[in-house]
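Participant: This is the structure, below, for whatever I ask next.
The values are calculated or read from the model by the stated rules, or taken from the named source; none is laboratory data. Owing to the predicted nature of the structure, the values given are computational and were not obtained by experimental measurement. Note: ideal-geometry Cβ built from the backbone for every residue, glycine included; neighbour counts use all protein chains shown. Only protein heavy atoms, including side chains, enter the accessible area calculation; ligands, DNA and RNA are left aside. Shrake-Rupley method; radii C 1.70, N 1.55, O 1.52, S 1.80 Å.
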Amino acid sequence: MILDGHKVFGGSTEGEALVIDEPFSFFGGIVPETGILTGGPCAGQNIQDKILVFPRGKGSTLAPYVAYRGMRAGTGPKAILCNEVDGVVAMVSIITRTPTVDRLSPDPILTIRSGDQLRVDADAGRVEITARAREATRGG
């Protein structure tokens with residue numbers, strides 16, 4: 001299955017999806033030294049080397065700083081997919097140089113499951129689900 005969207009920050013990667021089905025912030029949402037999520041439906045899971053999928057950002061302008069700390073520690077996501085990227089999530093993408101796509105159709109929150117294997121071509125605004133997760137897991 002192919003999802004088409006809008007490039008926020010370019011690049012390409014492949015990896016496993018981690019879907020958070022509620023707004024997300026790097027500030028207060030992760031431990032940057034480990035990549036472990038601290039709250040919400042996916043608390044305890046790790047974003048390291050995952051393709052992070054969430055509807056939109058929330059909260060503080062400190063999020064880019066926290067994301068940068070995670071990137072420096074090697075615990076950041078491989079890519080970010082959102083329904084709608086705001087200025088804070090855009091800054092996270094730019095500072096960490098993380099391929100990011102938004103405005104995807106069909107809706108990535110309803111289409112992608114945690115554990116799905118994805119191919120992201122952010123330059124083209126395209127995401128391909130290359131393999132489905134064995135278990136239907138959404139939001140943890």
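Participant: If you plug each phi of the range 44-53 into the Karplus form 6.51 cos²θ - 1.76 cosθ + 1.60 with θ = phi - 60°, what whole-Hz ³J(HN,Hα) values come out, in order, with x for Gly and Pro?
Facilitator: Karplus-based 3J(HN,Hα) across the range 44-53 equals x, 7, 10, 8, 4, 6, 9, 9, 7, 10 Hz.
Participant: Once amide H atoms are built 1.01 Å from N in the peptide plane, which residues 5 or more positions from Gly125, or in another chain, come under 5 Å H to H?
Facilitator: Here Lys7 satisfy the definition.
Participant: Quick one: how many Å² of Lys58 are accessible to a 1.4 Å probe, rounded to 10?
Facilitator: Its accessible surface works out to 110 Å², give or take rounding.
Participant: Now for a separate question. How big, in percent, is the set of alpha carbon pairs in the chain lying more than 20 Å apart?
Facilitator: That fraction is 35 percent.
Participant: Next up: In Å², and per residue, what accessible area does the range 39-140 have when probed at 1.4 Å with the other protein chains present? The partial results should precede the final answer.
Facilitator: Working: 4850 Å² over 102 residues.
Ligands and nucleic acids excluded, the result is 48 Å² per residue.
Participant: Okay, next question. Got a sec to turn the phi values of the range 84-93 into Karplus ³J(HN,Hα) couplings, 6.51 cos²θ - 1.76 cosθ + 1.60 with θ = phi - 60°, whole Hz, x for Gly and Pro?
Facilitator: Result, ordered by residue: 8, 8, 9, x, 5, 5, 4, 5, 4, 4 Hz.
Participant: Please state the shape class of the range 26-71: rounded when a/c is under 1.5, otherwise prolate if a/b exceeds b/c and oblate if not, all from the C-alpha gyration tensor. Display every interim value, and only then the final one.
Facilitator: Values: a/c = 1.41, a/b = 1.10, b/c = 1.28.
Rounded shape, in that the Cα axes give a/c under 1.5.
Participant: Please list 3J(HN,Hα) in residue order for the range 96-104, calculated via the Karplus relation 6.51 cos²θ - 1.76 cosθ + 1.60 where θ = phi - 60°; whole Hz, with x for glycine and proline.
Facilitator: Rounded to whole hertz, the list is 8, 6, 9, x, 9, 10, 10, 6, 6.
Participant: Can you tell me the FRET efficiency between Arg132 and Asn46 if r is taken as the Cβ-Cβ distance and R0 is 30 Å, rounded to the nearest 0.05?
Facilitator: On the way: r = 21 Å, r/R0 = 0.70.
Approximately 0.90, to the nearest 0.05.
Participant: Let me ask you something else. As a test question: what accessible area, to the nearest 10 Å², does Val88 have when a 1.4 Å probe is rolled over all protein chains in place?
Facilitator: So the heavy atoms of Val88 present about 30 Å² to solvent.
Participant: Taking all protein chains in place and a 1.4 Å probe, what share, in percent, of the accessible surface of the chain do carbon and sulfur account for?
Facilitator: It is 48 percent, rounded to a whole number.
Participant: Amide H of Lys50: which non-local residues (sequence gap of 5 or more, or other chain) have their own amide H closer than 5 Å, using H built in the peptide plane?
Facilitator: Lys78
Participant: Put a dot 7 Å past each Cα toward the Cβ at Ile94 and Val31; how far apart are the dots in nm?
Facilitator: For the pair Val31/Ile94, the computed spacing is 3.1 nm.
Participant: Just to make sure I understand: if all protein chains stay in place, what is the order of Phe9, Phe24 by accessible area at 1.4 Å, largest first? Show your work: numbers first, answer last.
Facilitator: Working: Phe9 45, Phe24 15 Å².
Heavy-atom accessible area, descending, gives Phe9, Phe24.
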